[in-house]
Amino acid sequence: MFPGQSFIDTRVMGRHAGQELPPLMLLSDLPSAEPLLAARPAAAPEVLAPLRKVAEDRALVVSGGYQEGGAISTQSGLARMDQGEASVWAGTRHDHVHPYEDGGGNRINYSYDRLNSQMAANWRFSPQARLSGFAMHDSFRDVRLPNYGVDAPEMDRTIASSVFEATPSGAIERVELGLTHDRLTYTSDNVSLRTPSAVGLFYRGAWTATRGVARGEFTSGVFRNTVTVDGGFMTYNIDVARLAPGMGIASHRLPDVQMIQGGLTFATATAMNSRDRLSAALRLDGLHSQANKRSDTPNAAGSGAATYAVTPQQLWDGYYGAGRDSSPTDLNVSGRVRWEHDLAERGGQVYADLRRAVRNPDAGERFYASSGPAALVQVGDPQLSPEAHHRSEVGGRLDFDGFAGSFAPKTPEGAWRVAASGYFDRVSDFITPDRARGQPGILMSNKAIVYRNVDAYLAGAALESWWQVSDRIAARGRLSWTRGANLSDHRPLYQIPPLEGEAVIEYRRDVMPDATLNLGTRLGFAATQNRIDADTSTGSGQDTTGATGGWATLDLFCGMVFYDRLGLSAGVSNLLDKRYHLHANPMPQSATTRAQYAPGRSVFVMGSLAF
């Protein structure tokens, strides 16, 4: 929500695998963002290029689209008004996604209705000061999740933020103050949008986060410095009820968790000479957490009620040891150093990056308290240690024959670019879900989902290249590889994607004075993934579908831009109607998570009109 994130900011570190919330759409991307269809790889940027082109710096943009696979329809509008030193943007986007057929002709019961509305304003009330604000409401209805244990009839997220920026003339050269409030509410169950289960459960959740930041920039000698102070107050509550009159609360899945966070960061950067730059940062991070309902006994009634009648504190004590402290306080130190060197004799750059980044356990990893039959039990550990990443990365980019970007005016025919990077991340106290088997630190042996600290590593490499074949043809290729291992338990890490990549060829030409045509094809592929953690009797079972086979899909696309005001894009994805699914599942991981197969052959058309 704030411009210019700190050089190192542990607040925005994601957990490994899984995704609790749908990704947000940026205001500027409303006319061209893809619908949320987690089972399929994202479209190549070239596919949506005509829509992005016409939306640049326009006062009004309207767009719409339709995809055959899932009968996906989208409509959006984005408006901008400038008045003197003030600007206002407003946009809305509606997506409606129906169930679709996979490459084998099977119906996948995945669907949702989404309405996203956003507004932003910016006022430069003096040459040295600016005030900006942002508000968003993201509403989902009737979200069907075939690879998960529940659906979500309702989910609403509201975000509001404000930022003040100033460039005073004194020792402090730039000041930034920001405040944001984020609230999520949802209801989910396993009966209203699917065939009712034997045990009907109803989830009601409310998460809030209020965060503030103050940042100042100043120069000392040859060093450009930034000091950032940030803090936040977060609350998380999820109650689970049994779906029958008078059967009461089954469990406090997140028992009114409160978190208070604060951080102090110092970052500095300098140009060592005309080709070399050095950046460094140090961050102190603090977090205090507590669960206010830790001693509340759910009031479940009826058959099997005894399995639910346990407090969160009793669950934590029963799985991890008596007297588990449920009000932990963490104090972490993170740091980063980065060196960059420009290759003047041949366009490009090389870099080396070293960092220690510490992630505190999230509310669920620490405080989940889902009771009931063993198949439903999920128990966080309040005394988990923070996850410390020690990562080294090297990489670089080489430009040949004056490459400045695909179809860029200054890129000559035959020019090309290659970029490569690699990293190794040794993780101390990696937080992993596991199954209770009486292993060290776990007192139960009923295969409930528990959370543990282990030693682990993550490693990866990426290679990408671009080639301007001629003034009308450009090609691009990408290859990425990732590997991970749980060193404490001597098994692979779960949800590690296999070797994967893509190759894209695009043809672009002016067909009339004010109209540009582009045609292209994309080959996407992934190798087999056999390094898995799928057995609940010996591992976490998080790779719920086991090993996955390799696949390759072919897409065709075309587009037109007229007078820089009308953009059209159309094509066919998965042309050969392959049946496949991605190994890494972006949905939340739980005992009921299953992979969903990607859509089969699907025709799409999208358009944007700007005024």
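Are there any pairs, at least 6 apart or on different chains, whose C-beta atoms fall under 6 Å, with the first in region 239-268 and under 14 Å from Ala206 (Cβ atoms) and the second basic (Lys, Arg) and part of a strand (DSSP E or B), and if so, which?
So the pair list comes out as Asp239/Arg204; Val240/Arg253.
Could you tell me whether Thr210 is part of a strand (DSSP E or B) and surrounded by fewer than 19 Cβ atoms within 10 Å (Cβ to Cβ)?
Values: part of a strand (DSSP E or B): yes; surrounded by fewer than 19 Cβ atoms within 10 Å (Cβ to Cβ): yes.
Yes.
Can you name the residue in region 480-514 that is over 23 Å from the mean Cα position of the chain (by Cα) and of a type in the set (A, V, I, L, M) and is also nearest to Gly524 (Cα to Cα) among such residues?
So the residue we want is Ala503.
Output the number of the condition that Pro498 fails; it satisfies all remaining conditions of (1) free of Cβ contacts under 8 Å to residues at least 60 places away in the same chain; (2) outside any strand (DSSP E or B); (3) under 28 Å from Trp416 (Cα atoms); (4) not β-branched (Val, Ile, Thr).
Failed condition: (1).
Determine if region 209-224 includes at least one residue that is among the basic types (Lys, Arg) and more than 20 Å from Arg157 (Cα to Cα). Steps first, answer last, please.
First, the residues of region 209-224 that are among the basic types (Lys, Arg): 211, 215, 224.
Those still in the list that are more than 20 Å from Arg157 (Cα to Cα) too: 215, 224.
Scanning region 209-224, I find at least one residue that is among the basic types (Lys, Arg) and more than 20 Å from Arg157 (Cα to Cα), so the answer is yes.
Quickly run through region 164-189 and pick out the residues that are in a loop (DSSP other than H, G, I, E, B) and closer than 11 Å to Gln128 by Cα. Full working, then the answer.
Narrowing region 164-189 to residues in a loop (DSSP other than H, G, I, E, B): 167-173.
Correct list: Thr167, Pro168, Ser169, Glu173.
Surrounded by 14 or more Cβ atoms within 10 Å (Cβ to Cβ) and in a strand (DSSP E or B): which single residue out of Leu315, Leu287 fits that description? Break it down stepwise before answering.
Working: Leu315 fails: in a strand (DSSP E or B).
Selected residue: Leu287, the only one of Leu315, Leu287 that is surrounded by 14 or more Cβ atoms within 10 Å (Cβ to Cβ) and in a strand (DSSP E or B).
Test Thr228 against the stated conditions and say whether it is of a type in the set (Val, Ile, Thr), in contact (Cβ under 8 Å) with a residue 24 or more places away in the chain and closer than 30 Å to Ser334 by Cβ.
Numbers: of a type in the set (Val, Ile, Thr): yes; in contact (Cβ under 8 Å) with a residue 24 or more places away in the chain: yes; closer than 30 Å to Ser334 by Cβ: yes.
It is true that Thr228 is of a type in the set (Val, Ile, Thr), in contact (Cβ under 8 Å) with a residue 24 or more places away in the chain and closer than 30 Å to Ser334 by Cβ.
Within region 390-398, is there a residue that is within 18 Å of Leu487 (Cα to Cα), touching a Ser or Thr at 6+ places or on another chain (Cβ under 7 Å) and surrounded by 17 or more Cβ atoms within 10 Å (Cβ to Cβ)?
The answer is no; no qualifying residue exists.
Results for (1) of a type in the set (Gly, Ala, Ser); (2) assigned to a strand (DSSP E or B); (3) exposed (fewer than 15 other Cβ atoms within 10 Å of the Cβ), shown as yes or no for each residue.
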{"residue": "Val504", "(1), (2), (3)": "no, yes, no"}
{"residue": "Asp510", "(1), (2), (3)": "no, yes, yes"}
{"residue": "Leu517", "(1), (2), (3)": "no, yes, no"}
{"residue": "Thr521", "(1), (2), (3)": "no, yes, no"}
{"residue": "Phe525", "(1), (2), (3)": "no, yes, no"}
{"residue": "Asp535", "(1), (2), (3)": "no, no, yes"}
{"residue": "Ser540", "(1), (2), (3)": "yes, no, no"}
{"residue": "Asp543", "(1), (2), (3)": "no, no, no"}
{"residue": "Gly546", "(1), (2), (3)": "yes, no, yes"}
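Among the residues of region 422-439, is there at least one that is over 28 Å from the mean Cα position of the chain (by Cα) and in contact (Cβ under 8 Å) with a residue 60 or more places away in the chain?
First pass over region 422-439, keeping only residues over 28 Å from the mean Cα position of the chain (by Cα): 436-439.
Add one more test, that the residue is in contact (Cβ under 8 Å) with a residue 60 or more places away in the chain, and what stays is 436-437.
Yes: region 422-439 contains one or more residues that are over 28 Å from the mean Cα position of the chain (by Cα) and in contact (Cβ under 8 Å) with a residue 60 or more places away in the chain.
In region 216-259, which residues are within 21 Å of Arg366 (Cα to Cα) and of a type outside the set (A, V, I, L, M, F, W, C)?
Within region 216-259, Gly231, Gly232, Thr235, Tyr236, Asn237, Asp239, Ser251, His252, Arg253, Pro255, Asp256, Gln258 meet the criteria.
From the list Thr219, Thr228, which one is in contact with a Lys or Arg (Cβ under 6 Å, 6 or more places away or on another chain), part of a strand (DSSP E or B), closer than 24 Å to Thr268 by Cα and of a type outside the set (Gly, Ala, Ser)? Give the steps one after another, and end with the answer.
Working: Thr219 fails: in contact with a Lys or Arg (Cβ under 6 Å, 6 or more places away or on another chain).
Thr228 is the lone residue from the list that is in contact with a Lys or Arg (Cβ under 6 Å, 6 or more places away or on another chain), part of a strand (DSSP E or B), closer than 24 Å to Thr268 by Cα and of a type outside the set (Gly, Ala, Ser).
Scan region 95-118 and tell me whether some residue there is outside any strand (DSSP E or B), without any contact (Cβ under 8 Å) to a residue 12 or more places away in the chain and over 21 Å from the mean Cα position of the chain (by Cα). Step through it out loud before you land on a result.
We begin by selecting, within region 95-118, every residue outside any strand (DSSP E or B); these are 98-99, 103-106, 109-110.
Imposing the further condition that a residue be without any contact (Cβ under 8 Å) to a residue 12 or more places away in the chain reduces the set to none.
There is no residue in region 95-118 that is outside any strand (DSSP E or B), without any contact (Cβ under 8 Å) to a residue 12 or more places away in the chain and over 21 Å from the mean Cα position of the chain (by Cα).
Quick check on my filter: what residues within region 38-73 are hydrophobic (A, V, I, L, M, F, W, C), touching a residue at least 12 places away in the same chain (Cβ under 8 Å) and assigned to a loop (DSSP other than H, G, I, E, B)?
First pass over region 38-73, keeping only residues hydrophobic (A, V, I, L, M, F, W, C): 38-39, 42-44, 47-49, 51, 54-55, 59-62, 71-72.
Those left that are additionally touching a residue at least 12 places away in the same chain (Cβ under 8 Å): 38-39, 43-44, 47-49, 51, 54-55, 59-62, 71-72.
Across region 38-73, the qualifying residues are Ala38, Ala39, Ala43, Ala44, Ala59, Ala71.
Quickly run through region 53-85 and pick out the residues that are within 30 Å of Ala598 (Cα to Cα), touching a helix residue (DSSP H, G or I) at 6+ places or on another chain (Cβ under 8 Å) and at pLDDT 90 or above.
Residue satisfying the conditions is Ser63 alone.
The values are calculated or read from the model by the stated rules, or taken from the named source; none is laboratory data. Please read these numbers as outputs of a predicted model, since none were measured by experiment. So basically every Cβ, Gly included, is an ideal-geometry build from the backbone, and we count neighbours across all protein chains shown.
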